[in-house]
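The values are calculated or read from the model by the stated rules, or taken from the named source; none is laboratory data. Please read all numbers here as calculations on a predicted model, not as lab measurements. Note that each Cβ is placed from the backbone with ideal geometry, even for glycine, and that neighbours are counted across all protein chains shown.
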């Protein structure tokens, strides 16, 4: 996915439909971005065509304190404008090394020692620290997970962003600061949309850039560094345009903090602390579940003798993520159609009916009625045809 974005400046093209389980039902560790589904306006025509009407759309992002628009003051000029909320390395370095007080940048580490505290306690502590930093004059609040180590787990970036955004809004401090996210977890347009939708001002995806740099170094991508990095950002920008257009939103400023997502499978405690305002119709994964997933991923990442598995999320891999249309299902379906034998169909039906829970309907079952209906009260088949 990252390679295609770096080479072509476009999202990778795949077949429609997602046949993997909902994140909350998956047997594999899934990142929190996968728990959110983008909302869209259900109309006949797209609200905005991001290709033919791109001239009315903008990703322009302003950074700095937001002053009262009805009062002209010198402080209103202390604003920086970027063409995109996706920062390049040079953008991020310039932002975080400026000496002026009206661009004061401070970093808030969003990793934690799992032997000393919990994920939920860390999120609450981050909110307290962020509030204190903004009250003391921080304008650029940088949330960073660069300190990931064997004994330090990262707080999922959307959790940190959503919780801090809510705290700053509740304390009437949000206009005094910008939330800059330096994260390894954001890779594709959906990830960036989740971060922006829950309050991030700008994002620096350092691991995505480092991955692209490694691909250039190994000649897996036959282009220079700058071209590859710009291609990646352009591809993410196009994805953001597409996501915004589905709700008829033309500027990233209107999309930011909009929370236009439905959470599928998050516990009420998680939604209440980190994602207030998001639609959530069912419960699901708690802070303890996410902490256990982080522990499992950490153990897998630090195994010296075993390479990291690709997981099989986008493409079926034996032993990886379950796919409803896996090779066994496709093979038995083709065999049943070609042979016309009922026994072949039964084999196919067994694979489908006994599959792991993949969608919410897989958790439902038909309960037989306690009292049978008298056959005399049933309309005969000859009358229904």
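List of remarks:
- Selection status of residue 117, assigned by TED's automatic domain parsing to the domain that holds residue 81 and under 18 Å from residue 275 (Cβ atoms): no
- Within the range 278-309, tally of residues that are assigned to a loop (DSSP other than H, G, I, E, B) and either farther than 20 Å from residue 156 by Cβ or without any contact (Cβ under 8 Å) to a residue 40 or more places away in the chain (or both): 10
- Any hit, the range 222-239, residues being assigned to a loop (DSSP other than H, G, I, E, B), modelled with pLDDT under 95, assigned by TED's automatic domain parsing to the domain that holds residue 85 and at positive phi: no
- Within the range 310-385, helices (runs of 4 or more DSSP H) holding 2 or more residues that are out of contact with any strand residue (DSSP E or B) (no Cβ under 6 Å at 6 or more places or on another chain), within 22 Å of residue 16 (Cβ to Cβ) and not assigned by TED's automatic domain parsing to the domain that holds residue 21: 327-339
- Meets criteria (surrounded by 10 or more Cβ atoms within 10 Å (Cβ to Cβ) and assigned by TED's automatic domain parsing to the domain that holds residue 120) for residue 284: yes
- Note on the range 287-309: among residues that are touching a helix residue (DSSP H, G or I) at 6+ places or on another chain (Cβ under 7 Å) and under 27 Å from residue 17 (Cα atoms), the one that is modelled with the highest pLDDT is 290.
- Out of 295, 273, 333, 314, one residue alone is under 21 Å from the mean Cα position of the chain (by Cα) and surrounded by 16 or more Cβ atoms within 10 Å (Cβ to Cβ). It is 273.
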